[in-house]
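One structure is given here, and the rest of the page talks about it.
The values are calculated or read from the model by the stated rules, or taken from the named source; none is laboratory data. Note that the structure is a prediction, hence the values are computed from the model and not measured. Backbone-built Cβ (ideal geometry, glycine too); neighbour counts: all protein chains shown. Protein only, heavy atoms only, side chains kept; ligands, DNA and RNA dropped before computing areas. Shrake-Rupley method; radii C 1.70, N 1.55, O 1.52, S 1.80 Å.
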Amino acid sequence: MANELTLGVCYYPEHWPEHMWADDAKRVADIGISRVRIGEFAWSRIEPEQGNLQWEWLDRAMDTLGSENLQVILGTPTATPPKWLVDAHPDILAYDEQGQPRKFGSRRHYCFSSLTYRRETTRICKLMAERYAAHPALFAWQTDNEYGCHDTTRSWSPEATKAFRLWLKEKFRNDIAALNKAWGTVFWSQEYTDFSQIDLPNMTVTEATPAHMLDFYRFSSDQVVSFNKLQCDILRAASPGKAIIHNFMGIYTGFDHFKVSRDLDIASWDSYPLGFLDVAPFPVEDKHTYLRQGHPDFTSFHHDLYRACGKNGRWWVMEQQPGPVNWAHHNPAPLPGMVRTWSWEAFAHGAETVSYFRWRQAPFAQEQFHAGLNLVNNEPAPATLEAREVSAEIAKLGQTPVTATASIALVFSYEAKWLFDIQPQGASWSYWELVLTWYGAARRLGLDVDIIPPDADLSAYSIVLVPSLPILPDGFIKRLQSTDAHIVLGPRTGSKTRNVQVPPSLAPGDLQTVLPLKILHSESLREDISIRGQLDGREVKAGKWLDHVQTEIVPAAVMEDGTGLLFHHANMSFFTTVPDGSFILKTLIQLCTDKRIPADILPEHVRIRRRGDVVFAFNYGPDGATIPKNIRSADGALVFGSWELPPAGTACWRIK
Ligand code: GAL
């Protein structure tokens, strides 16, 4: 199987006088861009008043793009319910955690649970689908825009309260005693006698019951799933065979993206490497080193995550940062060459399309500082040249194989993130940090990684990394036993039941049936406290968490007082602490040696990625770097770039 790689751009015809559209379309095509996403915020122009439908301008916009053979991805406009709709039906509004309704005046002000909003969504999606299903320029649909953006998955509204009660009734089969038992409501006299008494877990004096919180998080995630499905069903019925896509975000975990994706054909995400570097919890040294490049592992982690979400691994970048953004704390410009390198990093990880956000910088409203491919005055911005370069390189490369299954998998769990947010137990505990450190170590060793959901089959892999999985999903232990893979289990794995209780057999719960050790007590530690241990006679460091176990297994890594930090048993390794980066690297090198997986430490800021017989190398460092000899092929096989990578450089070659 092979793919034609394509470029796209996000375009807002409603922002520009109509006389500019034809020239815009021509210039888009001239760059080598073949796909254009439009429409996702245009409700007030499509329907300025209830029932007054103004499709003609959108018809003309679609026709204009189509006349240049551009393929349109049409967004449903539900991320921005217009003013008349909010005024007529205030019950569509989401409420913040303080119990205040969100106001009109930006976007994403709707509540996923509002029945009125679901009715209005059905109406506008049906109308749009009927009008454009057969339009020759329509290539695919985008549902809504960035579910959860601006932290809007959870709504504390009266509508959400009603829906949550129904969700609980179904979950507990109308048995309030079962809920009381599951949540442990006897604690602090929190018992209920009827589902109608249950509120959302906000504005409590101190923390609410963890099981109540986790169920609210699960419910809120399910509301996104069903809201998206509502749209997908309508679009699919009106235009069978047309792909349905949603654009997810980076570092956002408010809902389970694996579950939402089940109704989509293609997963996509919006990649803003410099914005994310600034807002994500990276050490300050990394923020300096990668200021204009973005973190070398953060973007690719998301590429791998969304490849796992897409049906048959199909995924895109729907919005690619083209220059400074407007929304981080600080918004630097990328190094020259970086837009090209980001584009290739996405393709290297299997993307079918990379689409730049946005065609032209907006002179008005919230995002005036956000770069585009063109300046406000319509002169090309630097990213246009880089997009052109990518387009020429795509032509050189030709058909590109699809991404093969990696030998290493990393289990990523949205539920784990929710549980740790609800009950962190230690301020320095960070699920993101744990996940990214494992992922980063594998990438530093030049390994390709598949991110997989907790319920995934493990049989295709040689090594499976489970940074932490507090609630073991059904069948996990069976899957663990029926693979030859070596499984690395991080601290707190198996430490809770589905209802956030301590397992009756103690942590790690049912894992004890295959891993004979039991955790008697756990400590969380300050960020600045280091745990020192020995592994094969060499010092290793860890911190943040420490489980004290009872077991006959002799620990592989120990503290001076004999406390075990790492245990091996059968095809498993179990950490009782959070290993630091070099401890993780040592462990991974050993595992790769055992499994005969070639793994060599790459130059610090260089990353590589294979896509079938095509290999890519990227330099995220501030200085030039050399691609190590052992991963090159004969010089003649370079498709583009060179073995000496300049800063922000990319090279691509084919292997036999
Ligand atoms: C995304 C969003 C776009 C735009 C962009 C700016 O989150 O989908 O509409 O706001 O960010 O970087």
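Quick one: which residue in Glu527, Glu523, Glu539 is closer than 22 Å to Phe583 by Cα, touching a residue at least 40 places away in the same chain (Cβ under 8 Å) and open to solvent by 40 Å² or more (accessible area, probe 1.4 Å)?
Glu527
Look through Gln512, Gln590 and report the one residue that is open to solvent by 60 Å² or more (accessible area, probe 1.4 Å) and of a type in the set (S, T, N, Q).
Numbers: Gln512 fails: open to solvent by 60 Å² or more (accessible area, probe 1.4 Å).
Result: Gln590 is the single residue among Gln512, Gln590 that is open to solvent by 60 Å² or more (accessible area, probe 1.4 Å) and of a type in the set (S, T, N, Q).
Filter region 148-175 for residues that are in a helix (DSSP H, G or I), open to solvent by 70 Å² or more (accessible area, probe 1.4 Å) and either at positive phi or among the charged types (D, E, K, R) (or both) and give the result.
Within region 148-175, Lys162, Lys169, Glu170, Lys171 meet the criteria.
One residue is enough: does region 428-446 have a residue meeting the conditions farther than 30 Å from Ala617 by Cβ and assigned to a loop (DSSP other than H, G, I, E, B)?
Among the residues of region 428-446, at least one is farther than 30 Å from Ala617 by Cβ and assigned to a loop (DSSP other than H, G, I, E, B), which makes the answer yes.
Residues checked against (1) over 16 Å from the mean Cα position of the chain (by Cα); (2) more than 17 Å from Phe248 (Cβ to Cβ):
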site	(1), (2)
Lys311	no, no
Trp316	no, no
Glu319	no, no
Trp327	yes, no
Pro332	yes, yes
Arg340	yes, yes
Ser343	yes, yes
Ala351	no, no
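Kindly list the number of the only condition in (1) out of contact with any strand residue (DSSP E or B) (no Cβ under 6 Å at 6 or more places or on another chain); (2) open to solvent by less than 10 Å² (accessible area, probe 1.4 Å) that fails for Gly75.
Condition not satisfied by Gly75: (1).
Quick check on my filter: what residues within region 60-83 are closer than 24 Å to Ile234 by Cα, in a helix (DSSP H, G or I) and without any contact (Cβ under 8 Å) to a residue 60 or more places away in the chain?
Those that are closer than 24 Å to Ile234 by Cα, in a helix (DSSP H, G or I) and without any contact (Cβ under 8 Å) to a residue 60 or more places away in the chain: Arg60, Ala61.
Rundown of residues vs (1) at pLDDT 95 or above; (2) within 16 Å of Ala617 (Cα to Cα); (3) more than 16 Å from the ligand (Cβ to nearest atom); (4) assigned to a helix (DSSP H, G or I), yes/no style:
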residue	(1), (2), (3), (4)
His303	yes, yes, yes, yes
Tyr306	yes, no, no, yes
Pro322	yes, no, no, no
Arg340	yes, yes, yes, yes
Glu345	yes, yes, yes, yes
Ser355	yes, no, no, no
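Among Glu345, Glu352, which is buried (at least 24 other Cβ atoms within 10 Å of the Cβ) and among the acidic types (Asp, Glu)?
Among Glu345, Glu352, only Glu345 is buried (at least 24 other Cβ atoms within 10 Å of the Cβ) and among the acidic types (Asp, Glu).
Kindly provide the set of residues from region 366-389 that are open to solvent by less than 60 Å² (accessible area, probe 1.4 Å), within 14 Å of the ligand (Cβ to nearest atom), outside any helix (DSSP H, G or I) and hydrophobic (A, V, I, L, M, F, W, C), ordered by number.
Ala371, Leu373 - these are the residues of region 366-389 that are open to solvent by less than 60 Å² (accessible area, probe 1.4 Å), within 14 Å of the ligand (Cβ to nearest atom), outside any helix (DSSP H, G or I) and hydrophobic (A, V, I, L, M, F, W, C).
One residue is enough: does region 43-59 have a residue meeting the conditions closer than 30 Å to Ala392 by Cα and modelled with pLDDT of 95 or more?
No: zero hits.
Do we have any residue at all in region 42-55 that's in a helix (DSSP H, G or I) and open to solvent by 60 Å² or more (accessible area, probe 1.4 Å)?
yes
Which of the numbered conditions does Gln190 fail, given that it passes all the others? Conditions: (1) surrounded by fewer than 19 Cβ atoms within 10 Å (Cβ to Cβ); (2) within 17 Å of Cys309 (Cβ to Cβ).
(2)
Only one residue in Val279, Val260 is of a type in the set (Val, Ile, Thr) and either within 13 Å of the ligand (Cβ to nearest atom) or closer than 22 Å to Phe369 by Cα (or both). Which one?
Val279
Answer with yes or no whether Glu18 is within 16 Å of the ligand (Cβ to nearest atom), modelled with pLDDT of 95 or more and open to solvent by 10 Å² or more (accessible area, probe 1.4 Å).
Numbers: within 16 Å of the ligand (Cβ to nearest atom): no; modelled with pLDDT of 95 or more: yes; open to solvent by 10 Å² or more (accessible area, probe 1.4 Å): yes.
Answer is no for this residue.
Among the numbered criteria (1) free of Cβ contacts under 8 Å to residues at least 60 places away in the same chain; (2) of a type in the set (D, E, K, R); (3) in a helix (DSSP H, G or I), which one does Asp457 miss?
In the conditions (1) free of Cβ contacts under 8 Å to residues at least 60 places away in the same chain; (2) of a type in the set (D, E, K, R); (3) in a helix (DSSP H, G or I), Asp457 misses (3) alone.
Going through region 230-251 one residue at a time, which ones are open to solvent by 10 Å² or more (accessible area, probe 1.4 Å) and within 16 Å of the ligand (Cβ to nearest atom)?
Start the filter on region 230-251 by keeping residues that are open to solvent by 10 Å² or more (accessible area, probe 1.4 Å), which leaves 230, 233-234, 236-238, 240-243, 249, 251.
Answer for region 230-251, where residues must be open to solvent by 10 Å² or more (accessible area, probe 1.4 Å) and within 16 Å of the ligand (Cβ to nearest atom): Met249, Ile251.
Quick one: Phe616 ticks every box in (1) open to solvent by 30 Å² or more (accessible area, probe 1.4 Å); (2) under 31 Å from the mean Cα position of the chain (by Cα); (3) under 30 Å from Glu345 (Cα atoms) except a single one, so which number is it?
Among (1) open to solvent by 30 Å² or more (accessible area, probe 1.4 Å); (2) under 31 Å from the mean Cα position of the chain (by Cα); (3) under 30 Å from Glu345 (Cα atoms), the lone unmet condition for Phe616 is (1).
Would you check if Ile608 is within 17 Å of Ala441 (Cα to Cα) and open to solvent by less than 10 Å² (accessible area, probe 1.4 Å)?
For Ile608, the condition - within 17 Å of Ala441 (Cα to Cα) and open to solvent by less than 10 Å² (accessible area, probe 1.4 Å) - is met.
Given Leu506, Leu517, which one is open to solvent by less than 50 Å² (accessible area, probe 1.4 Å) and at pLDDT 95 or above? Give the derivation first.
Numbers: Leu506 fails: open to solvent by less than 50 Å² (accessible area, probe 1.4 Å).
Result of the check over Leu506, Leu517: Leu517.
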